[in-house]
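Structure first, commentary second.
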Amino acid sequence: MTPISVYDPLRSEMIRDPYPTYARMLEETPIHWHAGMEAWVVVRHADCVRVLREHETFARDPRRNGEKIPEFRQNVQMMDPPEQTPLRRLLVSAMRSQDRKKLFDDAVAFLRDTLTARRPGEPFDWMSDVAAPFALHLSASLLGVPEPDASDYAEISHGIALRMDSGLAPENIPEGDAARKRLNDLGESWFPRPEGDDGLVAQLIRRADDEFLGGHYMRNSAAMMFNASYGTIFAMVGNAALLLAAMPEILAELSEPEILPTGVDELVRYDGPAQGTSRVAVRETTIQGTRIAAGDSVVTLLAAANRDPRVFDDPHDIKLDRRPNPHLGFGSGPHACFGSEFGKLSISAMINALSDDAVRLRLAAEPTRRVTATVRSLGVLPVCLER
Ligand code: HEM
């Protein structure tokens, strides 16, 4: 197997625009061994789907390979079926019971207020002035918990995003683990809440039996959900804003109610925040004829799979009415995102707030990106509004 020297996710060209490299990998090296990460990297849609769905072969839970996982890292995302199933069911059913219309109206109102506070033509940073407070507000409303301090929380979230890249940068592990512990402490503080309100955490308290309530898995999972929500909404609302500033005609198209649902999925396919995720083989298998040994790690590059021409016509074009759109921006299989409806709700709310107010976003200076590989996110997005 030829080692692919072009795939270095933290290199500046990749941080700026990974898609040309993904396109080359899709054709030339659908699977290769990445010595730095000590993992197989797969990019084609069919291979990624198989790895994500075939949990009997590809484990998320490192304990299935004999690794020990400290209690603070144990949550729904670290477990595999069948052990994961009852907890995931509980979380999904609490999630489904949320009032989407109320959350949507609240999200639109929050964004309108944030945007009206801006004078036309005055530059501001979309990421710190809009994306971060919006992601914090929406995540706290969804879980029905108090909004944590914004700068404390930004630190926790960034520490966890760096931890996700620890295969590439092991020096991030201590900071990432410290951030995870701070997140779990925050989660612990939500659980003595009295019954009677209707947020997700209150639903969990109402629905869970004593075994779940007394255990750390559910509490850690609630905290993990907050962060999964905050981190992805922050990044997605930034990626989408950059597209809208560069291609204002998209906003007009997305304002059509019949285009909005497919359009939002297309934005996630085209430039979503989740670039990849990993699993570990628990038994020997092959991918594209390459032998994968038990114990080998496999990284699926979801964002590359989302541009696979075998599945998507004109993969590098934005087609807001693309249907079907089996993108992997929300993953697939037993770990697929169960907050995807709320992720999409946040983008729809943003489109609504911008188009109802007849506001256009204009880039005020070059944006800067965060140097993270698993999550693709802007750091600073200088824009101004035109009315
Ligand atoms: C546009 C926004 C979002 C994107 C792009 C996104 C993406 C993803 C992806 C790709 C995964 C699968 C990871 C894997 O297989 O390893 C995932 C899992 C997850 N997401 Fe999201 N997500 C978004 C919003 C949300 C929101 C709003 C929540 C709210 C709670 C959420 C909660 C979760 C949870 C709990 C998991 C883990 C599920 C499990 O392992 O069983 N996500 N997300």
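The values are calculated or read from the model by the stated rules, or taken from the named source; none is laboratory data. Keep in mind the model is a prediction, meaning the values are calculated, not measured. Note: ideal-geometry Cβ built from the backbone for every residue, glycine included; neighbour counts use all protein chains shown.
Only residues that are over 20 Å from Ala132 (Cα atoms) and either without any contact (Cβ under 8 Å) to a residue 40 or more places away in the chain or assigned to a helix (DSSP H, G or I) (or both) were counted across the range 154-183, and they come to 10. When the range 217-270 is limited to residues that are over 20 Å from Leu363 (Cβ atoms) and among the hydroxyl-bearing types (Ser, Thr, Tyr), the one that is farthest from the chain's Cα centre (by Cα) turns out to be Ser255.
Tell me, please, whether a residue that is within 13 Å of the ligand (Cβ to nearest atom) and closer than 30 Å to His34 by Cβ can be found in the range 142-149. I'd like the intermediate steps shown before the answer.
Let us first name the residues in the range 142-149 that are within 13 Å of the ligand (Cβ to nearest atom), namely 142-145.
Okay, now just the ones that are also closer than 30 Å to His34 by Cβ, so none.
No, the conditions are met nowhere in the range 142-149.
Taken together, Met79, Met37 contain a single residue that is more than 26 Å from Tyr270 (Cα to Cα) and aliphatic (A, V, I, L, M), which is Met79. Given the condition in a helix (DSSP H, G or I), within 24 Å of Asp80 (Cα to Cα), in contact with a strand residue (DSSP E or B) (Cβ under 9 Å, 6 or more places away or on another chain) and among the hydrophobic types (A, V, I, L, M, F, W, C), answer yes or no: does some residue in the range 196-207 qualify? Yes. Determine, yes or no, whether Val108 is within 15 Å of the ligand (Cβ to nearest atom) and of a type in the set (Val, Ile, Thr). Taking the combined requirement at face value, the residue does not satisfy it.
Residue-wise test of (1) at pLDDT below 95; (2) within 11 Å of the ligand (Cβ to nearest atom); (3) in contact with a Phe, Trp or Tyr (Cβ under 8 Å, 6 or more places away or on another chain); (4) within 30 Å of Val383 (Cα to Cα).
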residue: Ile205; (1), (2), (3), (4): yes, no, yes, no
residue: Asp209; (1), (2), (3), (4): yes, no, no, no
residue: Phe212; (1), (2), (3), (4): yes, no, no, no
residue: Ala235; (1), (2), (3), (4): no, yes, no, yes
residue: Leu244; (1), (2), (3), (4): no, no, no, yes
residue: Arg283; (1), (2), (3), (4): no, no, no, no
residue: Thr286; (1), (2), (3), (4): no, no, no, no
residue: Ala294; (1), (2), (3), (4): no, no, no, no
residue: Thr300; (1), (2), (3), (4): no, yes, no, no
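Looking at the range 156-209, which of its residues are among the acidic types (Asp, Glu) and buried (at least 19 other Cβ atoms within 10 Å of the Cβ)? Show your work before the answer.
Of the residues in the range 156-209, the ones among the acidic types (Asp, Glu) are 165, 171, 175, 177, 185, 188, 195, 197-198, 209.
Answer for the range 156-209, where residues must be among the acidic types (Asp, Glu) and buried (at least 19 other Cβ atoms within 10 Å of the Cβ): just Asp165.
Taking every residue in the range 330-348 that is on the phi > 0 side of the Ramachandran plot and pairing it with any residue that is within 7 Å of the ligand (Cβ to nearest atom) and part of a helix (DSSP H, G or I), at least 6 positions away or on another chain, the pairs with Cβ-Cβ distances below 8 Å are Gly331/Leu52; Gly331/Leu302; Gly333/Leu52.
A quick yes/no check of all residues on (1) in contact (Cβ under 8 Å) with a residue 40 or more places away in the chain; (2) not in a helix (DSSP H, G or I):
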position: Ala109; (1), (2): no, no
position: Glu122; (1), (2): yes, yes
position: Ser141; (1), (2): yes, no
position: Asp152; (1), (2): no, no
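Can you say whether Ala274 is surrounded by 20 or more Cβ atoms within 10 Å (Cβ to Cβ), touching a His at 6+ places or on another chain (Cβ under 6 Å) and either touching a residue at least 12 places away in the same chain (Cβ under 8 Å) or of a type in the set (A, V, I, L, M) (or both), as far as the supplied structure shows? Taking the combined requirement at face value, the residue does not satisfy it. Among the candidates His335, His327, the residue that is within 16 Å of the ligand (Cβ to nearest atom), touching a strand residue (DSSP E or B) at 6+ places or on another chain (Cβ under 9 Å), at pLDDT 95 or above and of a type outside the set (Asp, Glu) is uniquely His335.
Among residues of the range 214-224 being farther than 13 Å from Leu90 by Cα and in a helix (DSSP H, G or I), the one that is modelled with the lowest pLDDT is Gly214.
Take the residues of the range 115-140 that are hydroxyl-bearing (Ser, Thr, Tyr) and modelled with pLDDT of 95 or more: which is nearest to the chain's Cα centre (by Cα)? Outline the logic, then answer.
Within the range 115-140, the first condition is being hydroxyl-bearing (Ser, Thr, Tyr), and the residues that meet it are 116, 128, 139.
The next check asks that each one be modelled with pLDDT of 95 or more; those that pass are 128, 139.
Details: Ser128: 18, Ser139: 13 Å.
Among those residues, the one meeting the criterion is Ser139.
Here's the yes/no breakdown for (1) touching a His at 6+ places or on another chain (Cβ under 9 Å); (2) within 10 Å of the ligand (Cβ to nearest atom); (3) more than 18 Å from Met247 (Cβ to Cβ):
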site: Gly339; (1), (2), (3): no, yes, yes
site: Arg360; (1), (2), (3): no, no, no
site: Ala364; (1), (2), (3): no, no, no
site: Ala373; (1), (2), (3): no, no, yes
site: Val380; (1), (2), (3): no, no, yes
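Filtering the range 61-70 down to residues that are in a loop (DSSP other than H, G, I, E, B) and not hydrophobic (A, V, I, L, M, F, W, C), which residue is modelled with the highest pLDDT? Talk me through it step by step, then tell me what you get.
First, pick out the residues of the range 61-70 that are in a loop (DSSP other than H, G, I, E, B): 61, 66-70.
Going one step further and asking which of them are not hydrophobic (A, V, I, L, M, F, W, C), we end up with 61, 66-68, 70.
On the way: Asp61: 96, Gly66: 92, Glu67: 91, Lys68: 93, Pro70: 92.
Here the answer is Asp61.
Looking across the range 58-98, the residues that are among the charged types (D, E, K, R) and either touching an Asp or Glu at 6+ places or on another chain (Cβ under 7 Å) or within 30 Å of Ile287 (Cα to Cα) (or both) come down to Arg60, Asp61, Arg63, Arg64, Glu67, Lys68, Arg73, Asp80, Glu83, Arg88.
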